[in-house]
Amino acid sequence: MTAMDTPAQGHSLQCAEQRLLAPHDIDLTDIARTLGALQGPGIDLADLFLESVHSRTWRMEDGKVAAGSFRIDQGVGARAASGADVAFAHSADMHPGALADLATTVSGLRRSSCGSSIVPLTTTPPHHTVYPPDYVVKEGDAADWISLLDRVDQVGRGADPRVIRVDAFIRATDQVILVADIAGRLAADVRPTVQMMVEVVALANGRRARGSAGMGGRHALADLTPARVDETVRKAVQMALTNLEARPAPAGVMPVVLAPGYAGVLFHEAVGHGLEGDHHRKRLSVFDGRMGERIAAPGVTVIDDGSLPGKLGSLGIDDEGVPGERTLLIEDGILTGLMQDRLNAGLMNDKPTGNGRRQSYAHLPMPRMTNTFLAAGQHDPAEILASVRNGIYAPGFGGGQVDIVSGRFNFSTTEAWLIEDGKLTAPLEGATLIGVGHEALKQISMIGNDLALDNGIALCGKQGQSVDVGVGQPTIRIDSMLVGGRGG
Amino acid sequence: MINLRLNEERLRALASLAVDQALALGDVAVSATARIGGGMRFTVAQGTADKALRDLTQSVVVTVYQQGRMGTASTSSLEETAIRRAAAEAVATSGRVAVDPDAGLADPATLAHDTPLPELASPSGLSVAELSALAFEMDAAACGCAILPGIATRVAEAGVASSDGRVALATSAGFCRSFSFSNHGLWAMVKAEKDGQSAIDVAQSTERRFQSLDSVEMVAQKAVERAVAQLGARSLATQRASILFDARIASALLGDVVGALGGVAQFRRTSLFQDSLGTQIAPDHIDLLEDPFLPFGLASGAYDREGVAGQQRAVIEAGVVRGYFLDSRAARRLSMRSTGNADGPWNLRFISRAPAGDRAALCARMGRGLLVTQFNGGATDPVTGNWTRAAGGFWVEDGVPTFPVSGITVGGNLRDMIGGIVTIGSDLYRQGAFQTGSILIHDLQIGGAP
């Protein structure tokens, strides 16, 4: 078999053939034959996922870029499912014989024998423009990256004499995938990612404090413009200086104002994970059986959107070849949608939503978020802050977690302020904020008109698999939330 | 049965090949690690097969130093062309960066050419059918646990995993060794429901030797008991109280202590226990003991990724810091010697010289307070020691757990907490590299919304 006559995804398929197939003497006939071997009585879903990742990191430590690293990871994953019963094997070896071995292994796990048909590969998804299919890990570009990191150090140290240390890294990653399944679907994607993280330590009066910030997305190095880099560094500096003055955060129930952007991790935890299809199929989610019900105040609309151009969580196609799309999870307070992969959509008689994601060829796909955010409302952010007599304002967050069975979630601040009479009065040390998803949603009383996604630094872990995601929200007021600081 | 494609001799040859390839490209010092692993994992839920997985992983990592300029490259392909490319990339990268005078191979005098290898390998030898059957047994045991009327339980996942691996390290300083290891596990995740309230919890057993795993009945019983015990949990009023950290989760406190005593935090001066060598950070009945050589220990080994052996030592002795966790670079920067901790801590035991008995005895000693059995998230500021967690557990009155608690936070400053440890129980629990009993600390902050 030759490649598609009129491939809808010409360039990505070409890249995939060049990087995943040709160097390993694999052609589409080998793929078709392996899929045939995976196919057998009772198999509803079977696919092959070929992946190549090239990644380069430059690390700046205390003013010097003294270390760099390069990584090539490649391999194939083969899956066959009968109902919810999934067999999966993977290999870092890539050659026609390795594909045949994988099919044999998967059949062995199922304790059945290999099929002998050949699956004609006939359909490809449409071309996408979510990000350019360009490689960002190129030879010989070290100077550009290193000068960018030198700039980070200069800007950081120059920003304030209390800054005593700046560390940073830049990582560029090219991921090329090819996925083919027994329905004859063939899809490829080239996903460039660039990320920079900055950490600053400040010292004053014998006290040290840390600040960090980052930026990233599915785009080229050129998108790390000096202006964006400077803004990121200043954000880290500002956080460190603020934390120099921080006092213990209070503990107790109070109004909370969350700043736009990364604080949207609240919706990732409180809503998102509970609306992943697998948790519903297994009837583990606290939102199970509540589709169509009001679970939040009117005005609360939560969206997962993999089709946003250039965002870290964006996907032209997901890891099962389904185009990334916009899914309404909560519309004006009513629960409306789930995020699905092919397996769970098939078992639940639903349709896949472009959320089938996997950490790598060595992992099984499952429903995962892309970019998840609360839609903008009407309020002026200044008005929201002014409305709080006693509470906290949190512009900086670290990670969060959720127990999907109870809906109980938490997330921790990295920068926070006390609000007194509508004004920010004192910086606070880190606190862990907790709540129960559907209860917290009902406490949202004001939604700002300043929607922003995070700067491209969010990483989501689920069942041991990490994937890049986006989170976001406008400024919001939550009337009552448990703030867990170490102060009384 | 897992058959790894390459034996140790082949892996040593691949690591040496990577070293030679890099040496051929310039005046460099090189270390290379070649690794291969394979395993099977089966999960079942409520009598139905869920997943059957076969893992095969492999990699070569090459690290090159050109007079303090460091470059690293890795490849998941073990073909000679891929290894050659990785070596070339590492050399090229090292040529582009600045000098770090402390970066380089381990000092030759510290290399562990002949430290005895602790036993780490014990393949289960079980077939697909046998492992799969065991996953069904795990599930059946959890389904079959007796529970009180009015409570429903469901197995969210029951599983078994078995894997074997090998790793070889070669350096241009003439070090070349390898070893094999195994990991086996059994687990059950159970959801319990009563009166519309749900709780989920997990129990697991992880060992280097298959025959050392807990029985499926024991794992099942624990998972069911833990999930059921949380039913009816409620929050508490915001207050200050004593907290008993159950041994099962107390190792989370240790992780932060190890980080703070790590070389990177020390030389970056971002440690909450900065420059603490020789100073008292815990009460004088507390020891933190490290042992790299325990047979079949989950964090045992004859040497670290730089070829340096760890040692049996007291990291904290009578509350006083006696050592950090150092690799070669951190050691040079601090004018010390590597402690062989380039891969992190070896097996650690956190103990009191006056252990206060089991958990029940500790509850009795606490009298009134919170027994924390779960951390659900939270953060530690590694510089200031500010420490907050979302948690769950049981409220203790008159020395006895009275009702389950959830929806609370606990907070303190880790420096004060470690300094204020009242006692550690004799109910030792092992979690990866860490082993500790339950830890009692007075006067911490609880946040709640009753």
(request) Could you tell me how many degrees, from 0 to 90 and to the nearest 10, lie between the Cα long axis of helix B:247-260 and the main elongation axis, the longest principal axis, of the Cα atoms of chain B? (result) 40
(request) Evaluate peptide B:438-448: per residue, the Cβ atoms of other protein chains within 10 Å of its Cβ; return the mean as an integer. (result) 3
(request) Assuming a ≥ b ≥ c are the square roots of the Cα gyration tensor eigenvalues, decide whether the protein assembly as shown counts as rounded (a/c under 1.5), prolate (otherwise, with a/b larger than b/c) or oblate. (result) rounded
(request) Using θ = phi - 60° and the Karplus relation 6.51 cos²θ - 1.76 cosθ + 1.60, list the HN-Hα couplings for the stretch B:221-227 in order, rounded to whole Hz, with x at every Gly or Pro. (result) 4, 5, 4, 5, 4, 5, 5
(message) Helix-only mean residue ellipticity at 222 nm, chain A, DSSP H runs n ≥ 4 weighted -39,500 (n - 2.57), per residue, nearest 500. What is it?
(response) -5500 deg cm²/dmol
(request) Compute the Cα gyration tensor for the stretch B:59-142, then decide on rounded, prolate or oblate, letting a ≥ b ≥ c be the square roots of its eigenvalues: rounded whenever a/c is under 1.5, prolate when a/b is larger than b/c in the other cases, and oblate in all that remain. (result) prolate
(request) Project the alpha carbons of the stretch B:8-229 onto their principal axes and report the range along each, largest first, in whole Å. (result) 74, 35, 33
(message) Could you compute how much accessible surface residue B:81 exposes when probed at 1.4 Å, giving the result in Å² to the nearest 10?
(response) 90
(request) Show B:181, B:273 ordered by accessible area, largest first, where the area counts protein heavy atoms only and the probe is 1.4 Å. (result) B:181, B:273
(message) Given the DSSP H assignment, sum -39500 (n - 2.57) over each helix run of at least 4 residues in chain B and divide by its residue total; what's the result at 222 nm in deg cm²/dmol, nearest 500?
(response) -7000 deg cm²/dmol
(request) Output the Kirkwood hydrodynamic radius of chain B, Cα pairs only, in Å rounded to one decimal. (result) 24.1
(message) What number do you get for the stretch A:251-484 when its Cα radius of gyration is normalised by 2.2 N^0.38 Å, N = residues?
(response) 0.97
(request) Post the alpha-carbon centroid distance, the stretch B:427-450 to the stretch B:185-212, in whole angstrom. (result) 20
(request) Pull out a ≥ b ≥ c, the square roots of the eigenvalues of the alpha-carbon gyration tensor of the stretch A:254-343, then state rounded if a/c is under 1.5, prolate if not and a/b is larger than b/c, and oblate in the remaining case. (result) oblate
(message) Just want to confirm a number: the relative contact order over the stretch B:8-229, from Cα pairs under 8 angstrom separated by 6+ residues, in percent.
(response) 23
(request) Let me have the relative contact order for the stretch A:10-244, percent, based on Cα pairs under 8 Å that are six or more residues apart. (result) 23
(request) Give the range of the longest stretch in chain A that excludes all GluC sites (Glu not before Pro) found in loop regions by DSSP and having at most 14 other beta-carbon atoms within 10 Å. (result) A:294-488
(request) Measure nothing fancy, just the Cα-based angle from helix B:80-94's long axis to the longest principal axis of chain B, in degrees from 0 to 90, nearest 10. (result) 90
(message) Under 8 Å for C-alpha pairs, at least 6 residues apart: give me the relative contact order for chain A, rounded to a whole percent.
(response) 16
(message) How much of the DSSP bridge set in the stretch A:10-244 is antiparallel, in percent, rounded to the nearest 5?
(response) 100
(request) Order A:311, A:442, most accessible first, counting only protein heavy atoms with a 1.4 angstrom probe. (result) A:442, A:311
(request) Provide a whole-number value for the mean count of partner chain Cβ atoms within 10 Å of the Cβ atoms in peptide B:67-80. (result) 5
(message) Quick check on my link table: of A:64/A:462; A:282/A:442; A:311/A:462; A:64/A:235; A:442/B:191, which ones sit more than 32 Å apart, alpha carbon to alpha carbon?
(response) A:64/A:462
(request) Please average, across the residues of A:474-486, the number of beta carbons from any other chain that are within 10 Å of each residue's own beta carbon, and give a whole number. (result) 4
(request) Express in whole angstrom the spacing between the alpha-carbon centres of the stretch A:30-47 and the stretch A:241-268. (result) 50
(request) In debye, nearest 20, what is the charge dipole magnitude of the stretch B:79-168 about its Cα centre with +1 on Lys and Arg Cβ and -1 on Asp and Glu Cβ, if you could check? (result) 280
(request) Round to a whole angstrom and tell me the spacing of the C-alpha centers of the stretch B:279-299 and the stretch A:314-367. (result) 46
(request) Would you mind counting up the charge near residue A:215? Only other residues with Cβ under 10 Å from its Cβ, with Lys and Arg at +1 and Asp and Glu at -1. (result) -1
(request) For the stretch B:239-448, give the share of DSSP beta bridges that are antiparallel, in percent and rounded to the nearest 5; count only bridges with both residues there. (result) 85
(message) Just to confirm the filter: which trypsin sites (Lys or Arg not before Pro) across the stretch B:1-83 are DSSP coil and have at most 16 other Cβ within 10 angstrom of their Cβ?
(response) B:5
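The values are calculated or read from the model by the stated rules, or taken from the named source; none is laboratory data. Keep in mind that what you see is a predicted model, and the values were worked out from it rather than measured. Quick reminder, even Gly has a Cβ in these numbers, built from the backbone with ideal geometry, and neighbours come from all protein chains shown. Accessible surface is based on the protein model in full, side chains and every heavy atom, while ligands, DNA and RNA are left aside. Shrake-Rupley method; radii C 1.70, N 1.55, O 1.52, S 1.80 Å.
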